[in-house]
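Computed from the coordinates by the stated procedures, all read-outs in this text should not be read as laboratory data. The structure displayed is predicted, hence computed values, not measured ones. Glycine also receives a Cβ, built like all others from the backbone with ideal geometry; neighbour counts cover every protein chain displayed.
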Amino acid sequence: MAFFSTVSHTYFTIIATFAILVLFTGSSSAQLSTDFYSKSCPKVFSTVQSVVKNAISVERRLGASLLRLHFHDCFVNGCDGSVLLDDTDSFTGEKTAGPNNRSIRGFKVVDDIKAAVEKACPGVVSCADILAITARDSVVTLGGPDWDVKVGRRDSKTASLSDANSGVIPPPTSTLNNLINRFQAKGLSAKDMVALSGAHTIGQARCITFRDRIYNETNIDSSFAKTRQSQCPRNTGGRKNLAPLDLQTPTAFDNNYFKNLLDQKGLLHSDQILYNGGSTDSLVETYSKNDKTFDEDFVTAMIKMGDIDPLTGSSGEIRKNCRKPN
């Protein structure tokens, strides 16, 4: 009887210890949920949506910019709102990093959204969550798929220029292996990567990012190259000139991006490399023929991306101003 009692006590102690370990070692993304603000800020989704719709009605390109902010935030130290921080005396943030400088935009819209949310429920909703919700609303406003956004992230108190410059954000010159590896490092599969690349069905790119492709690469439609060359000189000038990433419907979220790749009309090297005799060709073909499959895989990938290393619980803070720590 004494032996049974000892074994029983030991058994339950082990089970209790294991349960505690699971609790504290589980992924912080498991703490995110779609109803996180159901009581503390029930109007958060409608409030964000209203500001996003108004902003995009004025300038449709902003939809792509706001979606891109979420991506650039999540790939550098997780989805923590760090991309929004202005430089301070104690740190140089991410805004002037190579992948971001004179490239990411939409900060004023985020300011407007934060102000509206703060009015509805002060000190409750994080800037990181605002980026996640805004990305979804931008896609929906431009005709893309809808999904339930998981929330509950908290905001970083700092940002790092060096981390943003460390190569975690793939450049437009990326090879296919480079793209696959960088996404896999964030827990995203090759299929996720191709689906997320479909975000280039909206938005524009600067001449400096595609100049080499339109003059020097051979896997490009000649008439398409000539069209782009007219606004992007070979050697100097025009580096800031913009061209649509999707030639056909640059402000509509659809699957034409993938159809363009089949015709060798991908604007960036990192676009066309997805359909260039490699392992992702079949995915591009599938998405070009079936927009429903693309939408489903895009939504899955966006939710996974939003789960990248969020700050939750007592980590970080809820910023009052998305541009600076409290």
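Looking at the chain from every direction and averaging, what is the projected area of its Cα convex hull in nm²?
Numbers: hull surface 84.1 nm².
Mean projected area for the chain: 21.0 nm², to one decimal.
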Segment 83-132: trypsin sites (Lys or Arg not before Pro) falling in loop per DSSP and having at most 13 other Cβ within 10 Å: ARG102
For the chain, Cys with no neighbouring Cys Cβ under 4.7 Å: none
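Can you tell me how segment 166-218 classifies by the Cα gyration tensor, rounded, prolate or oblate, using a/c under 1.5 as the rounded cut? Let's see the in-between values first.
On the way: a/c = 2.04, a/b = 1.61, b/c = 1.27.
Prolate shape, in that a/c is at least 1.5 and a/b is the bigger ratio.
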Using alpha-carbon coordinates, inclination of helix 107-120 to the longest axis of the chain, degrees: 40 degrees
For the chain, built as a Gaussian network whose Cα springs stay under 10 Å, the top-fluctuating residue of GLY144, GLY98, GLY278: GLY278
Cα shape, segment 71-201, gyration tensor, a/c 1.5 rule: oblate
Cα centroid of segment 264-312 to Cα centroid of segment 199-240, whole Å: 21 Å
20 Å Cα cut-off, lysine pairs counted over segment 89-239 (separation 8 or more, or different chains): 8
Options PRO170, HIS70, GLY237, ranked by Cα towards positive dipole end of the chain, top entry (Cβ charges): GLY237
Rounded tilt (10° steps) of 127-141 against the dominant C-alpha axis of the chain: 50 degrees
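Taking the Cα centre of the chain as the origin, how large is its charge dipole in debye, to the nearest 20, when only Lys and Arg (+1) and Asp and Glu (-1) carry charge on their Cβ atoms? Walk me through the intermediate numbers first.
On the way: 37 positive and 34 negative charges, 176 e Å.
Charge dipole of the chain: 840 debye, to the nearest 20.
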Over segment 227-320: Rg over Rh, Cα atoms, Kirkwood Rh: 1.12
Lysine pairs meeting the criterion (Cα under 21 Å, 8 or more apart or interchain), as found in segment 245-326: 4
